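These notes are about the structure you will find just below.
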Amino acid sequence: MKEIVLKDDALITSKTDLKGFITYANDDFARYSGYSLKECLYKNHNIVRHKDMPKTVFKCLWDYIQEGKEIFAFVKNLAKNGDFYWVFANVTPSFNDKNEIINYYSVRRKPNSKAISTVEDLYSILLKEEKNGLESGVNKLLEVVNSYNMSYNQLMMHLQEQ
């Protein structure tokens, strides 16, 4: 398993329905994931979920977007061939004219390479904590975020911009 490094101009985009099934993916999504567009459309977005990703991060992500808020996150994705690639993701809900959430849109860019070791350390801590349950992982994440005196999104942006 080797790391695939995103090109500086990579822009991986996808759209999912409210249950996380892919309704749109661009060429960069296919290029980095290794899935053809035909293979990934109408599949759950977790087809690219890497085992090193804490469930805590995805719980936080879903909580934010289901409340109508955008979220930023560093995500380690799994390619079809078993390789992996890191992304800096921005996920936002899309609304209809009645202000109801109708789908989710995600844009992923090349992450700041200096942030990855910090994120890997955090995710390792969260994975260990999750052995005591998801709530324990969430509490640990909140503890870490609060130690920076920032919101979760502020911390993610700080890491990306450092």
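Computed in the context of the full set of protein chains, the accessible area of the chain at 1.4 Å probe radius has 50% of its extent on carbon or sulfur.
Which loop-located trypsin sites (Lys or Arg not before Pro) does segment 48-96 contain, where loop means any DSSP state but H, G, I, E or B and the Cβ has at most 10 other Cβ atoms within 10 Å? Don't jump to the answer; show the numbers that get you there.
On the way: sites: Arg49, Lys51, Lys55, Lys59, Lys69, Lys76, Lys80; in loops: Lys51, Lys69, Lys80.
Listed in order of number, the matching sites are Lys51.
Relative contact order of segment 1-158, please, whole-number percent, based on alpha carbon pairs below 8 angstrom and at least 6 residues apart.
Details: 272 pairs, mean separation 39.5, N = 158.
Worked out over segment 1-158, it gives 25 percent.
Once the chain is represented by equal point scatterers at the alpha-carbon sites, with solvent omitted, what log10 I(q)/I(0) does the Debye formula produce at q = 0.17 Å⁻¹? Calculated log10 I(q)/I(0) at the listed q: -1.08. Summed over all non-identical Cα pairs, the Kirkwood treatment of segment 70-162 gives a radius of 14.8 Å.
Which of the residue pairs Lys43/Lys140; Lys2/Lys76; Lys2/Lys110; Lys114/Lys140; Lys55/Lys131; Lys59/Lys140 have a Cα-Cα distance greater than 21 Å in the structure shown? Display every interim value, and only then the final one.
Numbers: Lys43/Lys140 31 Å; Lys2/Lys76 12 Å; Lys2/Lys110 16 Å; Lys114/Lys140 23 Å; Lys55/Lys131 11 Å; Lys59/Lys140 13 Å.
Distance filter (> 21 Å) returns Lys43/Lys140; Lys114/Lys140.
For segment 1-30 versus segment 105-162, the spacing of their alpha-carbon centroids is 20 Å. With both residues required to sit in segment 1-92, DSSP beta bridges show an antiparallel share near 95%. Computed with a 1.4 Å probe over protein heavy atoms only, the accessible area of Leu134 comes to about 70 Å². Each residue was assigned an accessible area with a 1.4 Å probe, and for Glu120 the value is about 80 Å². Surface listing: Asp27, Asp83 arranged by accessible area from highest to lowest gives Asp27, Asp83, probe 1.4 Å.
Among the chymotrypsin sites (Phe, Trp or Tyr not before Pro) found in segment 1-37, not one is both in a DSSP coil and sparsely packed, with 15 or fewer other Cβ atoms within 10 Å of its Cβ. Residues in the chain average 55 Å² of solvent-accessible surface per residue, probe 1.4 Å, ligands and nucleic acids excluded. Restricting the chymotrypsin sites (Phe, Trp or Tyr not before Pro) of segment 108-162 to loop positions (DSSP other than H, G, I, E, B) with no more than 15 neighbouring Cβ atoms within 10 Å leaves Tyr148.
The values are calculated or read from the model by the stated rules, or taken from the named source; none is laboratory data. Computed from a predicted model, the values in this text were never measured in an experiment. Cβ: placed from backbone, ideal geometry, glycine included. Neighbour counts: every protein chain shown. Just so you know, the surface numbers come from the protein's heavy atoms only, side chains and all, with ligands and any DNA or RNA stripped out. Shrake-Rupley method; radii C 1.70, N 1.55, O 1.52, S 1.80 Å.
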